[in-house]
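Let me begin by presenting the structure, written as structure tokens, before commenting on it.
The values are calculated or read from the model by the stated rules, or taken from the named source; none is laboratory data. What you are looking at is a predicted structure, and each value in this text was computed from that prediction instead of being measured. When we count neighbours, we look across all protein chains shown, and the Cβ atoms used for this are built from the backbone with ideal geometry, even at glycine.
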Amino acid sequence: MKTAIIVFPGTNRERDMILALRRVTQEPPRLIWHHETELGKVDLVVLPGGFSYGDYLRCGAMAAHSPIMGAVRDFAAQGGHILGICNGFQILTETRLLPGALLQNAHLRFLSQDCHLRVETQDSPFTCRWKKGDVFRTPLAHGDGHFTADAQTLERLEAEGRVAFRYVDATGRAFDSDPQCNPNGSLNSIAGVLSDNRRICGMMPHPENLVDPLMGGVDGLPLFEGVVEAIVR
Amino acid sequence: MTVTESLARELGLTAEEYGRVLSIMGRTPSLTELGIFSAMWSEHCSYKSSRKWLRQLPTTAPWVVHGPGENAGVVDIGHGYVAIFKIESHNHPSFIEPYQGAATGVGGILRDIFAMGARPIANLNALRFGAPENPMTRRIIDGVVRGIGGYGNCVGVPTVGGEINFHQAYDTNPLVNAMTVGLARKDKVFLSAAVGVGNPVVYVGSRTGRDGIHGATMSSAEFDKEALSKRPTVQVGDPFIEKLLIEACLELMATDAILSIQDMGAAGLTSSAVEMASKGGVGITLDLDAVPQRETGMSAYEMMLSESQERMLMVLRPDRTDIARQIFEKWELDCAIIGHLTETGHLIVKHRGVVEADIPLTPLVDQAPVYDRPFVPQPPAAPLGKVYAPLSLDDMLLRLLESPDLCSRAWVWNQYDSTVGGQTVFRPGMADAAVVRVEETSIGLALTTDCTPRYCQANARVGAAQAVAETWRNITATGARPLAITDNLNFGNPEKPEVMGQIVGAIEGMAEACKALDFPVVSGNVSLYNETRHADGSTRAILPTPVIGGLGLLEDIHCAVGLGLHEGEDLVLIGATQGVLGQSLWLREILGQEEGDPPCIDWHAERRNGDFVRKSIQSGDITACHDISDGGILVAVAEMIMASGVGCELESPDSGIRPEAFWFGEDQSRYLVCTENGAYLCEQAAQADVPARIIGKTGGHALIFPSGVTISITRLKSAHMSFFPALMAG
């Protein structure tokens, strides 16, 4: 399976993503500089975390207009698999490949901590290795992770089962207004969403930082295993 | 502007120093020349008050590749790798403008590390704030924490550790010391000495503006009521540009283009050009018209002294300048040839066709003033009389856990990205030292910063030695072998004999500890004049704060242990306990006294206990370890419980020592360890002549005292977690 990681000026979690992808695929991921205009033959495109363009203007807004994003859009239109994490998620909403937007965290401070996520659907390459309702731990690290969308969009996301992950407490219960459960104040405690063809996933937390016992656990690994399984099959 | 002695004094030179400038130059210097002398001879750049004493610090060991004198210290960690690290202060700017002061402190130390060819892999810090009751403290904490996070998070270097103390002596002079650790191949370390007459001198990074002019001079004087009007001397950072600069420099370093490189830190272009040329024994000519500029109409003086951030100076192979240009274009950074190396031995600065400065480098550097300042030995601390516990053990423990110096720092470290890079094994709060893996190997680095200023205030010699020992212990407690330290000496005005006495004592104490523990100093920074002058003319110095940043090596990272207790094991106390309460946190927080001698260290016991603990961790006999420091045994037990959520039932000590002295005394060279077989470990310890005894059994959801009194983990945590959120709320 061929994977590619897009690198923008200011991207800083591409090395973490390489570690995660190398655990599930034989071929090392290709790093594609944002100035390029073609992806080449690739099965999965990853937009990693970081501060593309220093988060100036608005997180992800400038990266959404980088030369490579034309090719990423075409790849999406052809049904390609795309994973956007943290800044990658912000870029995917700025390009409208995913709905909604990410605002500053509810209490206006950068947050770096572990959180618990509940898997809300099994029906996607990114979540197929879990069962609906499974709860796993993963780190998060962002200043702008408060997911928001208009009421109609939210309703549609929920109705179509396109909420991939929700912030919950360790026992799996969601409390939107409790910062212990929903650390950034996201609407409906949404941590990750899917595109309507379910092949594009964006999420704020970092499952790629929990794929090795030395990192403190392998709770994030099923996401990457699932994508490989879905694509290779 | 005509240059006169009074102008020289305004720029921080003494009359005598100005006389020396005149004799070196043989004429009245130009304004630019005077500015260069003033910056290079500032305390910040010349270490003129401390240099004489710093010489006694041990700086070598078989594993030390480069000691002090380079941008940072370099130690061999095996597998073809070196670790490169240094700590540096940004105290004065962080009071004037907390966010930018702290942010650019992080940016500056990062550049020292990647200038040597290392990818930065971890940031740490050591912070000192004023009394929590002072309303200014809150504003400063908020800015400093946001600044450290804002910079470190954006450049993608994890902030993995640090320490914080509060004391009113830091009310108007907070301390922000930032440390960076980087990783390089041993055969790809870059140095700053300029190489090759005729070779091009290349400027890369951000454009030069008027920010930070004379920052180095500002940091070399005490504050007065005008301090806050000094904002223009504070630099403004851009971590996004720094990230690009890191990647561009590392990409260029993978080629053979760079001959020498140095970051433009304090005193900007002046210090980088002077240091590179003088170390290389060559002259250097700069053409300021070629310097990328952010503002128009800048003078030579302004450009030479600007401390604009995110800039590097390098000497390139003449046939490789195109490669450099291509790489910097890719990263959208400025890159310009601004001069060349010469045989003249002079620094020559040209601007708009005029020679603005022409200074012989050798005397500029070699004749920099070195002072043997008068000092008086520190008076002994007020003796500690008889003290009695006014509360029950459990109440006193809870009081300590919620006190500013012992409470949870989670509120702070939760704002720092500690996992970016994917190599962090122990994040803040998980172990006595942060542990970071060396990618693609089984080795790891244990990293920590330490200092106990209240000990230093009572006895700087003992306190500074203790800071080194505490660093050594924190590294040991993860199972790592301590390799080397970097030091950040923060003191008041060295022109006062009593402050100078603290400096002399602290350096002597450090030297003693470093020698006893085979723990050399490989880099460091001195920050003096941390004093505030009040309207009535009186001044107040900070507590002497010699911060130690330590680095240790884990040969097998899988053996590293954290501090959280494991269920169903024995808790063993390693080391001898006499119940020393002098200068303890118990004394200060429970009785409100700051008295007595700080605890002394027996170096033989220190090494023996530490070596035993390390060996037992490496052989798998110890599952968790925590050194005993602030707050003594009982606080250490509580911290181990809270780290993993596993409780502990304590045994009666039967030590003949009063309970408060046994449980809260701060005797040195001690550890608490968790082990499956306490009897076996005690037997091993006895063979090694190490005092050890079982003091508890782990398990359950509470801390149970020998008396049967119980505190639930939830209660411990709520006391521990309350301070920061309450202080910073609303």
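Cβ-Cβ contacts under 8 Å between residues 6 or more apart (or on different chains), taken from a first residue in the stretch B:42-60 that is surrounded by 21 or more Cβ atoms within 10 Å (Cβ to Cβ) to a second residue that is aromatic (Phe, Trp, Tyr), are listed as B:GLU43/B:TYR529; B:LYS48/B:TRP41; B:LYS48/B:TYR371; B:SER49/B:TYR371.
Looking only at the stretch B:69-107, residues that are in a strand (DSSP E or B), farther than 19 Å from B:GLY444 by Cβ and either among the small types (Gly, Ala, Ser) or modelled with pLDDT under 95 (or both) come to 2 in all. For the residues A:ASP144, A:ASP196, A:ASP176, A:ASP169, the requirement of being touching a Ser or Thr at 6+ places or on another chain (Cβ under 8 Å) and of a type outside the set (S, T, N, Q) singles out A:ASP176. Counting only strands (runs of 3 or more DSSP E) that sit completely within the stretch B:490-560, those holding 1 or more residues that are farther than 18 Å from B:MET179 by Cα correspond to B:531-533, B:539-541, B:545-554.
The rows are residues; the columns are (1) touching a residue at least 12 places away in the same chain (Cβ under 8 Å); (2) buried (at least 24 other Cβ atoms within 10 Å of the Cβ); (3) touching a Cys at 6+ places or on another chain (Cβ under 9 Å); (4) in a loop (DSSP other than H, G, I, E, B).
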{"site": "A:THR153", "(1), (2), (3), (4)": "yes, no, no, no"}
{"site": "A:PHE175", "(1), (2), (3), (4)": "yes, no, yes, yes"}
{"site": "A:GLN180", "(1), (2), (3), (4)": "no, no, no, yes"}
{"site": "A:ARG198", "(1), (2), (3), (4)": "yes, no, no, yes"}
{"site": "A:PHE224", "(1), (2), (3), (4)": "yes, yes, no, no"}
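For the stretch B:291-306, the criterion of being within 14 Å of chain A (Cβ to nearest Cβ) and in contact with a Ser or Thr (Cβ under 8 Å, 6 or more places away or on another chain) is satisfied by no residue at all. The number of residues in the stretch A:11-54 being within 17 Å of the chain's Cα centre (by Cα), within 12 Å of chain B (Cβ to nearest Cβ) and of a type outside the set (S, T, N, Q) comes to 13. Filtering the stretch A:126-153 to residues that are in contact with a strand residue (DSSP E or B) (Cβ under 6 Å, 6 or more places away or on another chain) and under 26 Å from A:GLN78 (Cα atoms) leaves A:PHE126, A:THR127.
The number of residues in the stretch B:338-374 being part of a helix (DSSP H, G or I) and within 16 Å of B:GLY35 (Cα to Cα) comes to 4.
Total residues in the stretch A:111-127 satisfying the condition of being out of contact with any His (no Cβ under 9 Å at 6 or more places or on another chain) and not in a loop (DSSP other than H, G, I, E, B): the figure is 7. Among the residues of the stretch A:91-143, those that are within 14 Å of another protein chain (Cβ to nearest Cβ), closer than 15 Å to A:CYS59 by Cα and within 16 Å of the chain's Cα centre (by Cα) comprise A:ALA141, A:HIS142, A:GLY143. With the requirement that a residue be in contact with a Ser or Thr (Cβ under 8 Å, 6 or more places away or on another chain), surrounded by fewer than 24 Cβ atoms within 10 Å (Cβ to Cβ) and not in a strand (DSSP E or B), what does the stretch B:144-175 give you? Answer for the stretch B:144-175, where residues must be in contact with a Ser or Thr (Cβ under 8 Å, 6 or more places away or on another chain), surrounded by fewer than 24 Cβ atoms within 10 Å (Cβ to Cβ) and not in a strand (DSSP E or B): B:ASP171, B:THR172. Does A:ILE190 satisfy the condition of being within 18 Å of A:PHE136 (Cβ to Cβ), of a type outside the set (Asp, Glu) and modelled with pLDDT of 95 or more? When the stated conditions are applied, A:ILE190 passes them. All of B:VAL144, B:VAL160 fail the test of being within 14 Å of chain A (Cβ to nearest Cβ), under 16 Å from the mean Cα position of the chain (by Cα), closer than 14 Å to B:ILE96 by Cβ and in contact (Cβ under 8 Å) with a residue 12 or more places away in the chain, apart from B:VAL144. Being outside any loop (DSSP other than H, G, I, E, B), within 14 Å of chain A (Cβ to nearest Cβ) and either over 30 Å from B:ARG185 (Cα atoms) or at pLDDT 95 or above (or both) holds for only one residue in B:VAL435, B:VAL462, B:VAL468, and it is B:VAL435.
Note on the stretch B:711-727: residues that are free of Cβ contacts under 8 Å to residues at least 24 places away in the same chain and either over 16 Å from B:MET396 (Cα atoms) or assigned to a strand (DSSP E or B) (or both) total 3.
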